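What follows is a set of notes on a single structure, which appears directly below.
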C-alpha cells in the first residue's frame, strides 16, 4: 500500500520477539527504520533481524525521530510503505504517538503491529493481576538533582487505593548510563524517610525484575531493604510495589519470586 507508515513492535529481549505478522509487514515495506533508544533489548542482533526481514534497516537517533521525521520518515511514507520498528509495544513511548500524529496530519495512513511490552510481561511473570496496576512511574537514570516528588506521590496514591505500582528504572541508551535497582530503591527510600506519611519504608514489600523474557531473567520479592541489597545483574530493570494482594497473587509471589509467606501475608 502506498502512503502508509506501519509501527511494528519488536518485543522485549531479541529479534525473535517480533510477531509473524510483524515479519510479513516489514518484508512488504519499501523502507525500514528503527529506533532503539526507548528501551534496551539485551539480546537483539540487528544483523540477524535484517537477515530475517531480508531488508536493510536504518537505525535513527532520538533527535532524528523527534526533529527530522518529516524529511527522513514521512517524506518516504507519502509515496510508499514505511515500517518503523520499535522496542516493546508501539505507542507505549510518547515519541511514537507524536510521530503517528504527525503522519496523520500529513495525510499518511498508519497502522500498529503489537508485541510484548514490559507492562503486560511483568504482570505475567510475577503473577500479579494486570488490572490492579495503577499509575506507572519512571526513576531517572541520573543522580543529579532532587528525587522527583511526583514519583513518590504517584506511588502513595496507588498504595492508598490498594493498587500495584510499576516503576520503570530508566536507561539512557544514547548517553550510555543507567542506575541499578538498589540505587533506584535507595533513592526512593531516602526521599520517603523525609516524608511524614512514610508510605514506603525498608519493610515495604517490593519486587525487582531484570531482563524480562531473557534466559537469565531475574525475579525477586522481599522487603525494600532486602531488594536494595540484591545484585540483579545487567539491565533493563523494573520495580513493583504491590498493593492489596489477592490470595492468588500472594501465592504467585511466593512461587515465582521467592517471597516469604509472612511478608506477603502482612501486605494490607
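The values are calculated or read from the model by the stated rules, or taken from the named source; none is laboratory data. Note that the structure is a prediction, hence the values are computed from the model and not measured. Note: ideal-geometry Cβ built from the backbone for every residue, glycine included; neighbour counts use all protein chains shown.
The table below gives the values:
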| read-out | value |
| --- | --- |
| Enumeration of residues in the stretch 11-22 that are part of a helix (DSSP H, G or I) and buried (at least 17 other Cβ atoms within 10 Å of the Cβ) | 15, 17, 22 |
| Single condition residue 108 does not satisfy, out of (1) at pLDDT below 95; (2) crowded, with 17+ Cβ neighbours inside 10 Å; (3) more than 17 Å from residue 241 (Cβ to Cβ) | (1) |
| Failed criterion for residue 139 (all others in (1) in contact with a helix residue (DSSP H, G or I) (Cβ under 8 Å, 6 or more places away or on another chain); (2) surrounded by 15 or more Cβ atoms within 10 Å (Cβ to Cβ); (3) closer than 24 Å to residue 205 by Cα; (4) at pLDDT 95 or above hold) | (4) |
| Residue in the stretch 195-203 that is crowded, with 17+ Cβ neighbours inside 10 Å and under 24 Å from residue 120 (Cα atoms) present | no |
| Segments classed as helices (runs of 4 or more DSSP H), wholly inside the stretch 135-231, with at least 3 members that are under 21 Å from the mean Cα position of the chain (by Cα), without any contact (Cβ under 8 Å) to a residue 24 or more places away in the chain and over 27 Å from residue 18 (Cα atoms) | 149-160 |
| Residue in the stretch 242-264 that is within 20 Å of residue 42 (Cβ to Cβ) and without any contact (Cβ under 8 Å) to a residue 60 or more places away in the chain present | no |
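Per-residue answers, yes or no, for (1) surrounded by 13 or more Cβ atoms within 10 Å (Cβ to Cβ); (2) at pLDDT 95 or above:
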{"residue": "3", "(1), (2)": "yes, no"}
{"residue": "9", "(1), (2)": "yes, yes"}
{"residue": "34", "(1), (2)": "yes, yes"}
{"residue": "42", "(1), (2)": "yes, no"}
{"residue": "54", "(1), (2)": "no, yes"}
{"residue": "73", "(1), (2)": "yes, yes"}
{"residue": "76", "(1), (2)": "yes, yes"}
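Okay, residues lined up against (1) assigned by TED's automatic domain parsing to the domain that holds residue 126; (2) modelled with pLDDT under 95; (3) surrounded by 16 or more Cβ atoms within 10 Å (Cβ to Cβ); (4) in contact with a helix residue (DSSP H, G or I) (Cβ under 8 Å, 6 or more places away or on another chain):
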site	(1), (2), (3), (4)
221	yes, no, yes, yes
228	yes, no, yes, yes
232	yes, no, yes, yes
237	yes, no, yes, yes
245	yes, no, yes, yes
248	yes, no, no, no
252	yes, no, yes, yes
260	yes, yes, no, yes
